[in-house]
Structure formats: structure tokens, C-alpha cells
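Encoded as C-alpha cells, the structure appears first; notes follow it.
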Amino acid sequence: MTILTSRGRKWAVAAAAAGLLTTTACGGGGGGGGNDAGTKTVAGVDKDFDSFVWALQQLPASLDLAKDATVNTQQVISLVTEPLERVSNNGAFHPGLAAKVSQPDPQSIVYELKPGTQFSDGTPLTADDAAWSLQHVTDAKGGAQTAGRVKSIESVTATNPTTVTVKLKFPDPTARDNLAVISYVQSKKAAEAAGAKLGTPAGLPVGSGPYVFKSSGPDKIQLEGNTKYTGTKPKAKQVSFVPIKDDNTGQLAMRSGSIGGAQVTNVKQIAQWNNVSGAQTVQLPANVTSYLTLDTSKAPFNDIHARRAVAYSIDRKGVSKAVYGANGVVLQGLVPQTLLEGVAGSAEAAKSFLGTLPQYDLDKAKAKAELAQSATPGGFSVTIPYTTSSPWAEPTILNLQENMKELGVTITPKPESPEVWAKRIFAHDTPGIQSMQLIATIPDPNAVLPRVVGQAGIAAPGLNLANWTTPQIENDVKTLTGSVDKSARWTATQSVLTQISQELPYVPLYAPNFVVALGKGFTFSEPVSQGDILDGTWILRVRATA
């Protein structure tokens, strides 16, 4: 799934966008995984312990992923409900509630459920529950924020008590991947009984995962062990989620022992986290893209020269270093290399292509020359909204403001809360420029590209916030989303990225690393990825150190 990130609450637009719209800190992807230099490695012991507290920047607005398709929501519900299958960073599938998944033809996906699975209330899992859950998260007419993930779905049917068949309108190369990251199955009976309250404290989802909801409030969500769960059980008997809005507060909470783990929202503070007694930080593989959107449908950014003037006025390398230190990279294209490697056939092929794209580094002379050729040679005024939960957005905008001031351009930064920002994004409110960040939860260009270009995204809740398309883009999007020919999809991917680099509806910025911190007394038994954090498997690897 794609997560729309503002480093605050909504990793949702992205979800709707094939990624998650994240408003939680950013995580990563610039370059690989592994521990940061100086990270301490701590051994764990194989025994149960009473509780583990994980900090989120903000607790979910709803515990129904269809209503709040954010990373925060997914991190919570993935411990209570289970997906039909999981997809890893390298594109490999792993079993979930489905014992077997097959694709008998290009427009069918068949899930055969594991026998004997029970929900936490003791009722058996059936194909009706799985079919209802898939219908729920793909119900565009019903307002599901996750529906944008798999627009190719024609029908979802329980073909027998243990089998669910998904029919597609057309061959979709990433339908199975995208379904894997939103197919969290909950009890149909309990969900229908909850009705409009589903996802609220009065209508908490009932799942088959390792935990059940104990309580849900504005300051804490508490989970306890599911006695009906027959899978590999986590060592933590209880798990709680609490809101921690910034790294400084998080470090204080970790020093006091009130939290056991958290996402590092400002990767420049890795050293400070590591200085917390007994703490360790871990960098995780991730796929992140941060960028500015330029609304090409109206002045001044309907003019390519004005857009180029903006691109040449951002010190991307300087801001990246200031915000992320050595823990981020400047993007060569709109998406990081990690999203391209599968369709390109190799990391080398992806890297080689990205090296051919036009780059727009800070060059005030070029910016001045471009603006002089535009329809607004004397400059213009624009307000740039950004979410206050994003550590990279304000420095980027202030850098742009300073560098364009001498060109006669007046830029007014407009801070917004994560809630306001996400609501505006979903409403497809497109001011001249705005900051965006997406975290892709599947390793494929479809996690981002078809969502941010093309006619289909030029309306709420679409993510084509540049309101930009071309006849070639429309053809390329059809190939990306409707062809199973990898070679054709790679050609289309290169075409889209090349056109974006040439026409600049978006200005690619940075790809920071995804970093988590574990407090004294806890460690991971084996490496985890960003995908593990989202799909709930991370909790299986949390260990006490004594």
C-alpha cells in the first residue's frame, strides 16, 4: 500500500494512493537497511514478558482501516486482524490466513483459507468473513480510503465456505500485492453489528490475530493476548500504543521507561536516541518519496519556466543534510531506486536509468533565467501549506522562500495540523505548491506513479495534486496498471519518470531512512523491515533482554 506521509497522521493518502499517506514521521528508504553507525546490538532472551508500549505520533482516528488508511491505524489493527497474505520488500508473498493463493488466469485471484481458524470471540473464520472484509476495503462508493489501491476489482465472492475468488476487470500486475496490504480480515457479524460505529471504541474490530482490543481511548490503546490464536505467539502478553508527538518527548518517555519503542521522526536525532540509557536504534529497509507538487492547471505553475525556476531554487542537498544528516539521500527521480529494481530486472538497471534523468540542483542563475522566460518574469506570490509533523517540509519551504526572494517571488509558509493537512489532501485541494510524502508498501512503481499522474487522479480523493497528464501519460498508466508484461511496464515506468523530470509537475526531493528506537530491556530477535512494522510481524521479534 502506499502511505501518504506528512509525518503525522495519514499514511493514508498513500494507502488510497497505492501507498500510505503518512503523516507519521518519515521513514525511509533512501538507502537500504541495517543499523546506523553507532547502533548498539543487544541480545534478547526467549521468554514471555508482561507488556510492551509502542509510541505513535498520533493514535488512529479510526481503528477501521477503510476509514483511516494511515500507517498508525495499520500498525494497530495488524496485531488484532490478520491479512490473507503478506508481501515482503523484495516482492515475495508469505502465507497469512490463506493457506494457498493462486491466479488461474490473469483476471482471477483465488484465496483458500487455512482450516480451523477462529476469531477471538470463538466464532469460526469463513470465506464470507474474508469476502466481506475485501469488499469493505475496496468499496469506493462507500468511501473506503483504501479503495484506490485496487481499482481493477470487478467482484469478490465466497465461492465455497473456505474459498474467496476475486475477479478483476482487467489484468492488474499489482492487484495481489495491493490486496495483501489491505486484506485484514475481521468478523463480518461483529462489523455489521457495529454498523457506523465500526472502528470506534463502541465498535472495535474482531479479528483472529495474536491480540484483542482491551480498551481504546484518546491517550492509549491497549491490547491483550487472544486466547483463540493458534499461530506463533508474541512474547509480550500485552501491547499498548500511546501518542508521542516528537522525538524529544519520545526520548524523555524512553528514559523514564514509559515506552519500549518508537519511530524516530527526525533521523538527525539518532545519536540522541542512542544516548538514552540502554536504548538502540535500527534502520529499516523502506520505500519513501518526498516531493513538492506544482499545480499545472493554473498560474503561475501552468508555465514550465515558472516550475523550472522553483526546481532550481531548492538546495536539495543542503536541506537533506540539514534535516537527515547522513541518513537520507536526494532523489534522482520521483520514486526511489528500490521501487524500480523489480520491474527493471536489476538494481543496476534501475540505477543506470535514474542517472539519465535531468537533475535540478540549486542554481540561482538558471532559476533567474527560467523565471525571465515565464509569464510572470517579475515574480509572483504563493502560499505553501505543509504539515507541522513533517521535519523536512518547513526547512525546504524556508529554503525556497529565501532563494526566490531576490527573484521577486514572495512565498508564505502555512503550517497545518496533520488532521487539517490530510483532510485537504483527500479533498484534492491543490494550492499552487504543497509538500507531499508517500511511503510505498509494495516494491513496485505502481505504488506511486499511477496515483500521482493521469486523468483518474484529478479529482477527490485522487493524488494527482499537480492536475497533470498527457496523452502519453494516459497510455503509460494503462500499461502500468493493466499489463503483466514486465518489459512493457519497465518501458512505461521510464516514460513516466522521464516526462515528470522534463515537465516538472512534481519536484523530487529526499528519501530518508526509516528508523525505530527500542528502549532499555528490549531488542529484536532478528532484523525487521518497514513492512514488518506495518503488517504486525515485528511484534513476533520483540524480545526482553533479561
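The values are calculated or read from the model by the stated rules, or taken from the named source; none is laboratory data. Small disclaimer: the values here were computed from a predicted structure and weren't measured. Neighbour counts run over all protein chains shown; Cβ positions are idealised from the backbone, glycine included.
Here is a yes/no grid of residues against (1) in contact with a Cys (Cβ under 6 Å, 6 or more places away or on another chain); (2) over 28 Å from GLN337 (Cα atoms); (3) of a type outside the set (Phe, Trp, Tyr):
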site	(1), (2), (3)
GLY209	no, yes, yes
PHE241	no, yes, no
GLY250	no, yes, yes
ALA253	no, yes, yes
ILE259	no, yes, yes
GLN269	no, no, yes
ASN274	no, yes, yes
VAL282	no, no, yes
TYR291	no, no, no
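Do the conditions hold for THR410, that is, is it over 30 Å from LEU59 (Cα atoms), of a type in the set (Val, Ile, Thr) and in contact with a strand residue (DSSP E or B) (Cβ under 6 Å, 6 or more places away or on another chain)?
Details: over 30 Å from LEU59 (Cα atoms): yes; of a type in the set (Val, Ile, Thr): yes; in contact with a strand residue (DSSP E or B) (Cβ under 6 Å, 6 or more places away or on another chain): yes.
Judged against the criteria, THR410 is a match.
So, in region 234-270, of the ones that are charged (D, E, K, R) and out of contact with any strand residue (DSSP E or B) (no Cβ under 7 Å at 6 or more places or on another chain), which residue ends up farthest from GLY325 (Cα to Cα)? Spell out how you get there, then give the answer.
Initial filter on region 234-270 (charged (D, E, K, R)): 235, 237, 245-247, 255, 268.
Imposing the further condition that a residue be out of contact with any strand residue (DSSP E or B) (no Cβ under 7 Å at 6 or more places or on another chain) reduces the set to 245-247, 255, 268.
Working: LYS245: 21, ASP246: 18, ASP247: 16, ARG255: 24, LYS268: 6 Å.
Here the answer is ARG255.
So in region 416-438, with the set limited to residues that are assigned to a strand (DSSP E or B) and not aliphatic (A, V, I, L, M), which one is nearest to THR289 (Cα to Cα)? Quick ask: steps written out before the conclusion?
Pass one, region 416-438, residues assigned to a strand (DSSP E or B): 416, 433-438.
Imposing the further condition that a residue be not aliphatic (A, V, I, L, M) reduces the set to 416, 434-435, 437.
On the way: GLU416: 20, GLN434: 14, SER435: 11, GLN437: 6 Å.
Result: GLN437.
Quick check on this structure: which one of ASP172, ASP139, ASP128, ASP177 is in contact with a strand residue (DSSP E or B) (Cβ under 6 Å, 6 or more places away or on another chain) and closer than 27 Å to PRO445 by Cβ? Break it down into steps so the answer makes sense when it comes.
Working: ASP172 fails: in contact with a strand residue (DSSP E or B) (Cβ under 6 Å, 6 or more places away or on another chain); ASP139 fails: in contact with a strand residue (DSSP E or B) (Cβ under 6 Å, 6 or more places away or on another chain); ASP128 fails: closer than 27 Å to PRO445 by Cβ.
None of the others qualify; the one that does is ASP177.
Quick check on LEU371: is it touching a helix residue (DSSP H, G or I) at 6+ places or on another chain (Cβ under 6 Å) and crowded, with 18+ Cβ neighbours inside 10 Å? Show your work before the answer.
On the way: touching a helix residue (DSSP H, G or I) at 6+ places or on another chain (Cβ under 6 Å): yes; crowded, with 18+ Cβ neighbours inside 10 Å: yes.
Here the answer is yes, as LEU371 does meet what is asked.
Can you list the strands (runs of 3 or more DSSP E) lying wholly within region 239-305 that have 3 or more residues being within 30 Å of ILE458 (Cα to Cα) and either acidic (Asp, Glu) or in contact with a Phe, Trp or Tyr (Cβ under 9 Å, 6 or more places away or on another chain) (or both)?
Details: elements: 261-263, 280-284, 288-294.
By residue number, 288-294.
Give me the strands (runs of 3 or more DSSP E) completely within region 68-165, filtered to those with at least 3 residues that are free of Cβ contacts under 8 Å to residues at least 40 places away in the same chain and under 15 Å from LYS188 (Cα atoms), ordered by residue number.
Details: elements: 85-87, 93-95, 98-102, 108-113, 153-160.
In region 68-165, 153-160 are the strands (runs of 3 or more DSSP E) which contain 3 or more residues that are free of Cβ contacts under 8 Å to residues at least 40 places away in the same chain and under 15 Å from LYS188 (Cα atoms).
Would you please name the residue that is nearest to the chain's Cα centre (by Cα), looking only at residues in region 526-546 that are acidic (Asp, Glu) and either surrounded by 24 or more Cβ atoms within 10 Å (Cβ to Cβ) or not in a helix (DSSP H, G or I) (or both)?
Keep residues of region 526-546 that are acidic (Asp, Glu), which gives 526, 532, 535.
So of that shortlist, the ones also either surrounded by 24 or more Cβ atoms within 10 Å (Cβ to Cβ) or not in a helix (DSSP H, G or I) (or both) come out as 526, 535.
Numbers: GLU526: 23, ASP535: 12 Å.
Once the filter is applied, the top-ranked residue is ASP535.
Kindly check whether there is at least one residue in region 509-519 that is under 30 Å from LYS235 (Cβ atoms) and in a loop (DSSP other than H, G, I, E, B).
yes
If you check THR479, THR491, THR523, THR498, which single one turns out to be over 19 Å from the mean Cα position of the chain (by Cα), closer than 25 Å to GLY328 by Cα and in a helix (DSSP H, G or I)? Steps first, please.
Values: THR479 fails: closer than 25 Å to GLY328 by Cα; THR491 fails: closer than 25 Å to GLY328 by Cα; THR523 fails: in a helix (DSSP H, G or I).
Of THR479, THR491, THR523, THR498, the one residue that is over 19 Å from the mean Cα position of the chain (by Cα), closer than 25 Å to GLY328 by Cα and in a helix (DSSP H, G or I) is THR498.
Would you point out which residue out of LEU125, LEU79, LEU113, LEU63 is crowded, with 19+ Cβ neighbours inside 10 Å and under 30 Å from ASN464 (Cα atoms)? Can you show your working first?
Working: LEU125 fails: under 30 Å from ASN464 (Cα atoms); LEU79 fails: under 30 Å from ASN464 (Cα atoms); LEU113 fails: under 30 Å from ASN464 (Cα atoms).
One residue alone meets the criteria, LEU63.
In the list THR388, THR356, THR376, which residue meets the criterion of being surrounded by fewer than 24 Cβ atoms within 10 Å (Cβ to Cβ), of a type in the set (Ser, Thr, Tyr) and under 25 Å from the mean Cα position of the chain (by Cα)?
It is THR388.
Kindly list, by first and then second residue, each pair from a residue in region 218-242 that is touching a residue at least 60 places away in the same chain (Cβ under 8 Å) to a residue that is of a type in the set (Lys, Arg), limited to pairs with Cβ atoms under 8 Å and residues at least 6 apart or on different chains.
Note: pairs meeting the criteria are LEU223/LYS214; LYS235/LYS47; LYS235/ARG543; GLN238/LYS214; SER240/LYS220; PHE241/LYS220; VAL242/LYS220.
Conditions (1) surrounded by 23 or more Cβ atoms within 10 Å (Cβ to Cβ); (2) basic (Lys, Arg), marked per residue:
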{"position": "LEU284", "(1), (2)": "yes, no"}
{"position": "VAL288", "(1), (2)": "yes, no"}
{"position": "ASP295", "(1), (2)": "no, no"}
{"position": "ALA299", "(1), (2)": "no, no"}
{"position": "ARG307", "(1), (2)": "yes, yes"}
{"position": "ARG316", "(1), (2)": "no, yes"}
{"position": "LYS321", "(1), (2)": "no, yes"}
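For (1) of a type outside the set (A, V, I, L, M); (2) outside any loop (DSSP other than H, G, I, E, B); (3) at pLDDT 95 or above, each residue gets a yes or a no:
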position	(1), (2), (3)
ALA326	no, no, no
VAL329	no, yes, no
SER389	yes, no, no
THR396	yes, yes, yes
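Considering only region 313-346, how many residues are more than 30 Å from VAL409 (Cα to Cα) and in contact with an Asp or Glu (Cβ under 8 Å, 6 or more places away or on another chain)?
Start the filter on region 313-346 by keeping residues that are more than 30 Å from VAL409 (Cα to Cα), which leaves 326-327, 336-346.
After this cut, where a residue has to be in contact with an Asp or Glu (Cβ under 8 Å, 6 or more places away or on another chain) as well, the list is 327, 339, 342-343.
Of the residues in that region, 4 qualify.
State whether the residues of region 439-461 include one that is at pLDDT below 95, part of a strand (DSSP E or B) and of a type outside the set (Gly, Ala, Ser).
Checking region 439-461: at least one residue is at pLDDT below 95, part of a strand (DSSP E or B) and of a type outside the set (Gly, Ala, Ser).
Being modelled with pLDDT of 95 or more, of a type in the set (S, T, N, Q) and touching a helix residue (DSSP H, G or I) at 6+ places or on another chain (Cβ under 9 Å) is the filter here; which residues of region 81-102 pass it?
Passing the criteria: only THR81.
When the residues of region 398-415 are narrowed to those that are assigned to a helix (DSSP H, G or I) and polar (S, T, N, Q), which ends up surrounded by the most Cβ atoms within 10 Å (Cβ to Cβ)? Walk me through how you get there before you give the answer.
Step one: list which residues in region 398-415 are assigned to a helix (DSSP H, G or I), which gives 398-405.
Pick out the ones that are also polar (S, T, N, Q) and you get 399, 401, 403.
Working: ASN399: 18, GLN401: 17, ASN403: 20.
In this case the residue turns out to be ASN403.
If we keep just the residues of region 233-272 that are aliphatic (A, V, I, L, M) and either surrounded by fewer than 16 Cβ atoms within 10 Å (Cβ to Cβ) or within 22 Å of the chain's Cα centre (by Cα) (or both), which is modelled with the lowest pLDDT?
Step one: list which residues in region 233-272 are aliphatic (A, V, I, L, M), which gives 236, 239, 242, 244, 252-254, 259, 262, 264, 267, 270-271.
Of the ones still in play, those that are also either surrounded by fewer than 16 Cβ atoms within 10 Å (Cβ to Cβ) or within 22 Å of the chain's Cα centre (by Cα) (or both) are 242, 244, 252, 262, 264, 267, 270-271.
Working: VAL242: 98, ILE244: 93, LEU252: 97, ALA262: 95, VAL264: 89, VAL267: 82, ILE270: 90, ALA271: 90.
Checked region 233-272; the qualifying residue modelled with the lowest pLDDT is VAL267.
Give TYR291, TYR229 a once-over and let me know the one that is within 26 Å of ASP64 (Cα to Cα), at pLDDT 95 or above and either touching a His at 6+ places or on another chain (Cβ under 6 Å) or not β-branched (Val, Ile, Thr) (or both).
Working: TYR291 fails: within 26 Å of ASP64 (Cα to Cα).
So the residue among TYR291, TYR229 that is within 26 Å of ASP64 (Cα to Cα), at pLDDT 95 or above and either touching a His at 6+ places or on another chain (Cβ under 6 Å) or not β-branched (Val, Ile, Thr) (or both) is TYR229.
Looking at region 435-466 only, could you name the residues that are more than 18 Å from the chain's Cα centre (by Cα) and crowded, with 24+ Cβ neighbours inside 10 Å? I'd like the intermediate steps shown before the answer.
At the first step, the residues of region 435-466 found to be more than 18 Å from the chain's Cα centre (by Cα) are 454-456, 458-460, 466.
Scanning region 435-466 gives a single hit, ALA466.
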